[in-house]
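Since the structure comes first, as structure tokens, the remarks are kept for the end.
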Amino acid sequence: MRVVESPPPAGRPAASNLRLQATERFAHRYGGRHAGGGRGIPALSDGGTARAQAMTEYQGLRCLVTGGAGFIGSNLTRRLIGSGAEVTVLDDLSTGNRQHLQDLLDLQKAAPLRFVEADLRSTPLLGELVAASDVVFHLAAQVGNVKSIAETEADAATNVMGTVRLLRACRDAALRRVVYSSSSATFGEAATLPIAEDHPQRPESFYALSKWTAERYAVLAHELWRVPTVCLRYFNVFGLPMEDSEYTGVISIFFRRLLAGEPLTVYGNGDALRDYVFVDDVVAANLLAGLHGAPGRVYNIGSGKGTTVVELADAMREVTGRDSATQFAPARAGEVRRSLADISRARAELGYEPRWDLRAGLRAMWARVGVMNRASAS
Ligand SMILES: NC(=O)c1ccc[n+]([C@@H]2O[C@H](COP(=O)([O-])OP(=O)(O)OC[C@H]3O[C@@H](n4cnc5c(N)ncnc54)[C@H](O)[C@@H]3O)[C@@H](O)[C@H]2O)c1
């Protein structure tokens, strides 16, 4: 087992003082431990206000982000630090990359970020890390349907047993919220659209099954142990950093192909429907859930808008100004055909409001991907 830690930032206020201030502030606003959350708190009708409010309320809160060196986790960590939170990242770097946070780690004095390189499944530090936190964001997972079919035990070990181990550690801690990153993969093929939270869940891969099982553990951990868990079921998340892996989403693959002048491959007839949600909106949902989520509750997090693969290819050609052709290939087994989130619960109870539409998110990505590409070509 390997545990590597960055030193704590020098010159930082004592954690105990920050903890006291944050805890008092939180208790004043939301009641004590395991307060009613979204159901006890007046509904937030304006997503913009709720979002801005959430940003300020993380000032001085101590947050643990498992999987914080990954795609979504690094974006979340960055936003928490920007909001004045003290963050500890726990990540074994199996797919994550320390480079995603390196600029923050280099700013040791200014950024209250601690990096613990360790495996969630075995680290002896877990209890200590949880006990020193106000909010836990649990994103660490082995991600990918295909990978789970090849590496089933590792998938179950991290996604199920790693989550159970974390929840057990949370059992006796005075936490405000534990936000679990679940997945729309748990639904399987949708019977009706848009997909509401109570749509039947029929996982069709071991990955989806492991995420679903861990989600059930999280909900029951609230019922049986009073752990204040909130589950967020993400739909198709896109944004930077794009990872170089076979599990990279279609958007990352299309960007690479557009840059290389290669055709965009569409499987089937191109009418597969997806709900693409920009990573900034997923981060905002986490911040809101960490403050306002009702313990034991599950929320869909998507954009609420459906896009076919053919529409996606058109949008990406438009945004990049590149004209790679579309090439059609036989449909791939094991992929759901139609997915679209009903986000009305998150809107009503969390004050979640997606701010990024597909083209705006693609433009933000292209602004950086295009520049990086031009720099590496010159
Ligand atoms: N990306 C999406 O579209 C999407 C959709 C639905 C749900 N999710 C969920 O969101 C979460 C984050 O996904 P992501 O896309 O950022 O994936 P990612 O692979 O970039 O991030 C996962 C992180 O967990 C770390 N990790 C894996 N196993 C670990 C272990 N045993 N101990 C400690 N760290 C470990 C990895 O190194 C990585 O940094 C996951 O729980 C995933 O299931 C993602």
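Some notes on this structure:
- Put simply, of THR265, THR308 the only residue that is free of Cβ contacts under 8 Å to residues at least 40 places away in the same chain and surrounded by 15 or more Cβ atoms within 10 Å (Cβ to Cβ) is THR308.
- Residue in the stretch 230-239 that is touching a Ser or Thr at 6+ places or on another chain (Cβ under 8 Å) and assigned to a loop (DSSP other than H, G, I, E, B) present: yes
- Set ALA132, ALA156, ALA140: member being free of Cβ contacts under 8 Å to residues at least 60 places away in the same chain and closer than 26 Å to PRO295 by Cβ: ALA156
- Taken as a whole, the stretch 147-170 holds at least one residue that is at pLDDT below 95, touching an Asp or Glu at 6+ places or on another chain (Cβ under 7 Å) and under 22 Å from TYR217 (Cα atoms).
Residue-by-condition table, conditions (1) within 11 Å of the ligand (Cβ to nearest atom); (2) polar (S, T, N, Q); (3) in a loop (DSSP other than H, G, I, E, B); (4) buried (at least 17 other Cβ atoms within 10 Å of the Cβ):
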| residue | (1), (2), (3), (4) |
| --- | --- |
| ARG51 | no, no, no, yes |
| THR77 | yes, yes, no, yes |
| VAL87 | no, no, no, yes |
| SER122 | yes, yes, yes, no |
| ILE149 | no, no, no, no |
| ASP155 | yes, no, no, yes |
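- Of the residues examined, ALA367 is one that is assigned to a helix (DSSP H, G or I), of a type in the set (A, V, I, L, M, F, W, C) and modelled with pLDDT under 95.
- Scanning the stretch 210-227 for residues that are aliphatic (A, V, I, L, M) and free of Cβ contacts under 8 Å to residues at least 40 places away in the same chain turns up LEU220, LEU224.
- Among the residues of the stretch 97-129, those identified as out of contact with any strand residue (DSSP E or B) (no Cβ under 9 Å at 6 or more places or on another chain), at pLDDT 95 or above and among the small types (Gly, Ala, Ser) are SER122, GLY127.
- All positions within the stretch 131-141 that are surrounded by fewer than 23 Cβ atoms within 10 Å (Cβ to Cβ) and either under 18 Å from TYR180 (Cβ atoms) or near the ligand (Cβ under 8 Å from one of its atoms) (or both): none
- Residue within the stretch 214-227 that is over 18 Å from TRP356 (Cα atoms) and of a type in the set (Val, Ile, Thr) present: yes
The values are calculated or read from the model by the stated rules, or taken from the named source; none is laboratory data. Keep in mind that what you see is a predicted model, and the values were worked out from it rather than measured. FYI the Cβ positions are ideal-geometry reconstructions off the backbone, even for glycines, and counts take in every protein chain you see.
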